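Worksheet: one structure, shown below.
The values are calculated or read from the model by the stated rules, or taken from the named source; none is laboratory data. Just so you know, these numbers come straight off a predicted model, no measurement behind them. Positions of Cβ are backbone-derived with ideal geometry, glycine not excepted, and every protein chain shown enters the neighbour counts.
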Amino acid sequence: MAMVTVALAFPVMAQDGKKKAKPHSKDEVKEDIADHRAMADAHLNAAKCLEAGKPEKDCLAQLAKDCKGLGIGKYCGMKHRH
């Protein structure tokens, strides 16, 4: 579900820009796909960490490491509701 949410968020953000971006090359699209998969894996691992009963602080620290350089912010562009 998180992967779908992330994937759906990007077209909306792209529409908010004032300039029309040029289409991505095939290589850029492949890179975007790999980044989305890596972000999804990072979030899945964070969920598994929490399910295992580990402290949220530890799970978020690992998520921040896994997301470094991938998405927006230290948690791959996703934010909790609470």
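General observations
- Of the criteria (1) assigned to a helix (DSSP H, G or I); (2) at pLDDT 75 or above; (3) of a type outside the set (Val, Ile, Thr); (4) surrounded by 10 or more Cβ atoms within 10 Å (Cβ to Cβ), which one residue 3 fails: (2)
The rows are residues; the columns are (1) surrounded by fewer than 17 Cβ atoms within 10 Å (Cβ to Cβ); (2) small (Gly, Ala, Ser).
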position: 34; (1), (2): yes, yes
position: 39; (1), (2): no, no
position: 43; (1), (2): no, no
position: 47; (1), (2): yes, yes
position: 51; (1), (2): yes, no
position: 54; (1), (2): yes, no
position: 58; (1), (2): yes, no
position: 64; (1), (2): yes, yes
position: 71; (1), (2): no, yes
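Per-residue answers, yes or no, for (1) part of a loop (DSSP other than H, G, I, E, B); (2) at pLDDT below 90:
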position	(1), (2)
10	no, yes
23	yes, yes
39	no, no
42	no, no
46	no, no
57	no, no
64	no, no
74	yes, yes
77	yes, yes
